[in-house]
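Enquirer: Have a look at this one before I ask anything.
Just so it is clear, none of the values below were taken in a lab; they were calculated from the coordinates. On a predicted model such as this, the values are computed, not experimentally measured, just so you know. Neighbour counts run over all protein chains shown; Cβ positions are idealised from the backbone, glycine included.
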Amino acid sequence: MRKSVLITGAARGLGLCFTRKYLKDGFLVFAGSRDLKAASLMELQKEYPDTLIPLMLEVTDTEAVAAAARTVAGYTAKLDIIINNAAVHNSSSFEILEKADIDDCLMVYDINSLGPLRVVKEFLPFLRSNPGAKVINISSESGSISTCGRDKEFDYCMSKAALNMASKLLSNYLKKDQVIVLAVHPGWMRTDMGGSKATLDPYETACRLVELFESRKDLEGPVFIDNQGKEYPW
Ligand SMILES: NC(=O)c1ccc[n+]([C@@H]2O[C@H](COP(=O)([O-])OP(=O)(O)OC[C@H]3O[C@@H](n4cnc5c(N)ncnc54)[C@H](OP(=O)(O)O)[C@@H]3O)[C@@H](O)[C@H]2O)c1
């Protein structure tokens, strides 16, 4: 049977690279996007008309996430992988504390930390009906408290630290259903978020990560890992 994956933030950056890679590998891909008419997805759909399903998915909107789950149910009862990839890292994040707009941080937290939790909550039946299914939360080294040397980027770093805790809680909670949950630092990639000076190509990164996700079968292994599968310090 064809394997299936749901990806949030699938119309650009790493999310689009995951979409391309999984389509190439023959998966049924539910490509979550805030714009169903995104040119990147429309273009890919010409090549993969039967296996690319664009899905309206704004991760801050609980009802929209529930509606996306109802749409997916029209195609399949099971998902093999959910990749919570969507996130923001605003330029205001790089301001020193005196200039930071603390109220703005709520939006970042809503997208980066609560968004993945909303998605997992609404899509639980698709995971529970499929032992061995995986939830991949795309995190960051910036969510690591023990290695932190920064003195700003409060919103983004705090949101990824919270995502890491959500990943550990979900890993504990879903173990009995044999669902593997990971928080993954993908590395510094040349995307809109990473910028042009970043060291990694996002498609090559997506290919490496897909291989890594495939190879990971162990419910008891480390939850927070880097792009080589090595445990990352919390
Ligand atoms: N790039 C790096 O170097 C780097 C390093 C460490 C970790 N990461 C993590 O890797 C992941 C992918 O990052 P990227 O570099 O590909 O970022 P990106 O190029 O900025 O893309 C971010 C994606 O998230 C989507 N998104 C933002 N807010 C959303 C919302 N409210 N609802 C649904 N989708 C939303 C965007 O959709 P729209 O097109 O609609 O805005 C876009 O598809 C993120 O989790 C990021 O934190 C990246």
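Enquirer: Does Ala206 meet the test of being small (Gly, Ala, Ser), within 10 Å of the ligand (Cβ to nearest atom) and in contact with a helix residue (DSSP H, G or I) (Cβ under 8 Å, 6 or more places away or on another chain)?
Expert: For Ala206, the condition - small (Gly, Ala, Ser), within 10 Å of the ligand (Cβ to nearest atom) and in contact with a helix residue (DSSP H, G or I) (Cβ under 8 Å, 6 or more places away or on another chain) - is met.
Enquirer: For the list (1) crowded, with 18+ Cβ neighbours inside 10 Å; (2) within 15 Å of the ligand (Cβ to nearest atom); (3) not acidic (Asp, Glu), I need the number of the one condition that Thr199 fails.
Expert: (1) is the only condition that Thr199 fails.
Enquirer: Further question: Within region 71-80, is even one residue closer than 26 Å to Val108 by Cα and either of a type in the set (Phe, Trp, Tyr) or surrounded by fewer than 24 Cβ atoms within 10 Å (Cβ to Cβ) (or both)?
Expert: Checked against the condition, which is being closer than 26 Å to Val108 by Cα and either of a type in the set (Phe, Trp, Tyr) or surrounded by fewer than 24 Cβ atoms within 10 Å (Cβ to Cβ) (or both), region 71-80 yields no hits at all.
Enquirer: If you don't mind, another one. Looking at region 66-81, which of the residues that are within 16 Å of the ligand (Cβ to nearest atom) and touching a helix residue (DSSP H, G or I) at 6+ places or on another chain (Cβ under 6 Å) is nearest to Ser129 (Cα to Cα)?
Expert: Step by step, filter region 66-81, then rank; the result is Ala69.
Enquirer: Let me ask something else. Just one of the numbered conditions (1) more than 11 Å from the ligand (Cβ to nearest atom); (2) touching a strand residue (DSSP E or B) at 6+ places or on another chain (Cβ under 7 Å); (3) among the hydrophobic types (A, V, I, L, M, F, W, C); (4) in a helix (DSSP H, G or I) is not true of Leu163; which one?
Expert: (1)
Enquirer: Are there strands (runs of 3 or more DSSP E) fully within region 1-93 with at least 2 residues that are over 12 Å from the mean Cα position of the chain (by Cα)? List them.
Expert: So the answer is 28-33, 52-56.
Enquirer: For Leu114, state whether it is among the aliphatic types (A, V, I, L, M) and either within 16 Å of the ligand (Cβ to nearest atom) or touching a Gly at 6+ places or on another chain (Cβ under 7 Å) (or both).
Expert: yes
Enquirer: Same structure again: Report yes if Val120 is away from the ligand (no atom under 13 Å from the Cβ), of a type in the set (Val, Ile, Thr), within 27 Å of Gly187 (Cα to Cα) and assigned to a helix (DSSP H, G or I), otherwise no.
Expert: So Val120 fits the description; yes.
Enquirer: Select from region 97-154 the residues that are within 24 Å of Ala206 (Cα to Cα), among the polar types (S, T, N, Q) and touching a helix residue (DSSP H, G or I) at 6+ places or on another chain (Cβ under 8 Å) and list them in ascending order.
Expert: Asn112, Ser113, Asn137, Ser139, Ser140, Ser142, Ser144
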